[in-house]
Amino acid sequence: MDRTKQREVQFAESESRLRGLLVLGLGGDSVAYHGFLKALSTHLRAYFRKRLIQRMDEVEDLVQEVLIAVHNQRHTYQKDQPLTAWVHAIARYKFIDRLRSRSSREGMTDPLDDELELFAHTDSDAADAKRDVGKLLATLPEKQRLPIVHVKLEGLSVVETAKLTGMSESAIKTGVHRGMKALAAKIRGTV
């Protein structure tokens, strides 16, 4: 199994396991909910360590902030939606808030400040993030939008997405790549 396929399988297994624990936790199973938070904290640490190489002392603070936000916003999670996208939105907002507060505290000017204003009003509101992503995705052609929705948001493999859409596997990979590039450009405002 190649590395990409292996990562896809690991991602799908992790998504399924975490979603299962959260759903059980939302149903009142405190042991499952504790397991969800513990497993999620491991993923969050890895996520923030990659982004805060120069500030490792802030990793644990961010992990705790995200766990609190996830706990406080757990009622907004829709069980039929990918858990990863919901958690990622919360983690990203907390990370951006941390960067912004650090910049103002240290008197630094971050060249991304203007772009970050987009996120300033919805600290951890996954519903707003989902709506914004939906609007951006709607601007893409179907050959880019469908691969992103199925592979990146729903967590399907390239093979599964190809079968579902009738597109070739290489078209799925190309669609994801070009679509993500187009979305990044739209977010930066260069399109």
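No lab work stands behind these numbers, since they all come straight from the coordinates. Worth saying up front: this structure is predicted, and the values here are computed from it rather than measured. Because the Cβ atoms are built from the backbone with ideal geometry, glycine has one as well, and the counts that use them run over all protein chains shown.
If you plug the beta carbon distance of Glu169 and Leu26 into 1/(1 + (r/R0)^6) with R0 = 41 Å, you get a FRET efficiency near 0.70. In this simple spin-label model, placing a label point 7 Å from the Cα along the Cα-to-Cβ direction at both His177 and Arg55 gives a separation of 3.3 nm.
Here the gap between Thr42 and Ile187, fully extended at 0.36 nm per residue and compared with their Cα-Cα distance, gives a gain of 49.3 nm. Model label points for Arg131 and Arg92, set 7 angstrom from Cα along the Cα-to-Cβ axis, are 1.7 nm apart. Subtracting the Cα-Cα distance of Val9 and Gln81 from their residue separation scaled by 0.36 nm leaves 24.1 nm.
Counted residue by residue at 0.36 nm each, then reduced by the alpha carbon distance between them, the extension gain from Arg74 to Leu153 reaches 26.6 nm. Out of every Cα-Cα pair that segment 134-190 contains, those further apart than 13 angstrom amount to 53 percent.
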